[in-house]
Amino acid sequence: MNGIKLSICVPTYNREAYLRNALEHCETYDFDFPYEIVISDNASTDNTKQVVDEFIARGLPIRYFRRPINGGPYKNVASAFHHAVGEYSIYLADDDFLIPDGVKAAVAYLDAHSDVSACHASWYLYDEIADRDLTTFYKVDEDIKFARHDFVEVFRFICERHIFPEIAIYRSSALRSTWVPRDFCFCYFAYLAHVLDQGAVAFLKQPFYRSVAVSKLAPNRSQTGNEEVMVAWDKYRGGLEYFLYIAAKRGKLNTGPESRAIYEEMCRIFTLNRMAVAIRFWAIRKDFIKAYELYTRLALGGMSHHPEVKTLRESFPMLVSMQTLAYQVNATAGIDQLILSGMADPNLISEILRDVGLEPQIEITTDLETHRPARTENTIVFAADMPRRDKFLELGYKPNLIFIESDLTQHILI
């Protein structure tokens, strides 16, 4: 045995500043067991190697490996795990940090429970600028261990607590058959099934990971996890169904009609809850068209009054219709003017249109005094009512370039 207790596996690509920041934190870790830092470089073209060499010279126990080509993030994570020689392995994103006390507690738990293949825990979302934890991603009230093949209880735990098993310290021997490609199923549900197929799994109350939500290096950056939650709701369902499939094949799940209906309903509810979160993220992006699309699925599923959407419901008609108008103007070749005719508050409408994406080169004007015959081919009109629409038709504007409110709102059904 090499004596290494823990391998901290750090995949990286073209993020030397983040890697430097992460390694500076690693210098502060005071573990009471031998550990290594395994860095897998996904063919970076920046100064990643020089940063690594600097920290090796400063005494960090780093082993460095470089992939010849960028194979994407999952291959790079697999590379880091495969090179690990510690008894246990943990993934560390190059822009996140470990919590040493939590890591030591989890390692002690694994030492004391030789049947456990992986220890999961929630993680803090961390504001690096304010130097404070914002929240934990999910809640675990007390340490809980599930026996090998206890798929049904783990599944219920996931659904009831809305658990995402992304952060774990794995028994390295379990990783050889765990970390395999899963594209249509959320991989962490699949990996949880894989480790539970090999041994017990624990969920610990004490976090051992900080995910940087607000970075001092890039305060306005978007997070990969946030991007995924905006589109991956069916992938989450796929991961749950994959988990249940493993349970069924191991003889731990009744697949009769009544049992199947129960678990299908649990998958449906979990997926709808993820859609509700996605609605919030799309609204933050000011893409209300996409948010409304998801709302229709959420509402049909019986969750029209979900807490994530209750404040949006009343404003959907205005916001979606204005974004639709902005979309129509931006999409139509040759348009450089938008006329707002008969609007009670054209300044407010103009502000909303810009906010939801109306391109800056489009001139916004009001009512018929702006009529310039030479520009009828290059103008879209938003008219308050049919008489105004008819007036613009008489002036020679194209019929499909004149919108009234019902054109934009008749399909927004709340």
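The values are calculated or read from the model by the stated rules, or taken from the named source; none is laboratory data. The shown structure was predicted, so the numbers you read here are calculated from the model rather than taken from an experiment. Here Cβ is always computed from backbone atoms with ideal geometry, including for glycine, and neighbour counts include all displayed protein chains. Each accessible area value is taken on the protein alone, full model and side chains, heavy atoms only, with ligands, DNA and RNA left out. Shrake-Rupley method; radii C 1.70, N 1.55, O 1.52, S 1.80 Å.
In order along the stretch 144-152, the phi-based Karplus estimate (6.51 cos²θ - 1.76 cosθ + 1.60, θ = phi - 60°) of 3J(HN,Hα) comes to 9, 10, 10, 5, 3, 6, 7, 5, 5 Hz; Gly and Pro are listed as x.
The accessible surface of the chain, taken with every protein chain in place and a 1.4 Å probe, is 51 percent carbon and sulfur. Around the amide H of Ala118, modelled in the peptide plane, lie the amide H atoms of Arg171, Ala202, all under 5 Å away and 5 or more residues distant in sequence or on another chain.
Karplus-based coupling profile of the stretch 94-103, in residue order and whole Hz: 6, 10, 10, 9, 8, 10, x, 4, x, 4, with θ = phi - 60° in 6.51 cos²θ - 1.76 cosθ + 1.60 and x standing for Gly or Pro.
May I ask you to derive the FRET efficiency for Leu393 and Asn347 from their Cβ-Cβ distance with R0 = 35 Å, giving the value to the nearest 0.05? The value I calculate is 0.85. Quote to one decimal, in nm, the extra length available between Ile262 and Tyr74 on full extension: 0.36 nm per residue of separation minus the C-alpha distance between them. Stretched fully, the Ile262-Tyr74 segment lengthens by 64.4 nm.
Label reach from Ala112 (point 7 Å along Cα→C-beta): in the stretch 11-50, amide nitrogens under 20 Å belong to 31-34. For Ile37, nonlocal amide neighbours, meaning residues 5 or more places apart or on other chains whose placed amide H falls under 5 Å from its own, are Ile8, Ile62, Arg63. FRET efficiency for the Ile284 to Val152 pair, using the beta carbon distance and R₀ = 35 Å, is estimated at 0.45. In this simple spin-label approximation, Val180 and Leu217 carry label points 7 Å from Cα along the Cα→Cβ vector, and these lie 3.4 nm apart. Listed by chain and number, the lysines placed with their C-alpha closer than 22 angstrom to that of Lys252 are Lys145; residues fewer than eight positions away on the same chain are left out. Averaged per residue, the stretch 1-84 has 48 square angstrom of accessible surface, using a 1.4 angstrom probe with ligands and nucleic acids left out. Taking the Cα centre of the stretch 292-414 as reference, the dipole from Cβ charges on Lys and Arg (+1) and Asp and Glu (-1) amounts to some 240 debye. With a Förster radius of 60 Å applied to the C-beta separation of Arg250 and Ala333, the computed FRET efficiency comes to 0.55.
So if I take the centroid of the Cα atoms in the stretch 348-414 and the same for the stretch 115-190, what is the distance between those two points in Å? Distance between centres, Cα-based: 51 Å.
For Lys290, give me every one of the lysines with a C-alpha distance below 25 angstrom, ignoring sequence neighbours fewer than eight places off in its own chain. Of all the lysines, those that pass the test against Lys290 - Cα under 25 Å, at least 8 places apart if same chain - are Lys235, Lys310. Close amide H pairs (under 5 Å, H built 1.01 Å from N) link Ile364 with Leu338, residues at least 5 positions away or on another chain. Highest GNM mean-square fluctuation among Ile129, Ile37, Ile289, for the chain modelled with Cα contacts below 10 Å: Ile129. Each residue of the stretch 188-203 was assigned a 3J(HN,Hα) from its phi angle through the Karplus curve 6.51 cos²θ - 1.76 cosθ + 1.60 (θ = phi - 60°); the sequence is 6, 5, 5, 5, 4, 4, 5, 6, 5, 6, 9, x, 6, 10, 10, 10 Hz, with glycine and proline shown as x. With protein chains left intact and a 1.4 Å probe, residues in the stretch 200-355 average 48 Å² of accessible area per residue. Helical content alone sets the calculated 222 nm signal of the chain at -13500 deg cm²/dmol, taking -39,500 (n - 2.57) per DSSP H segment of four or more residues and averaging over every residue.
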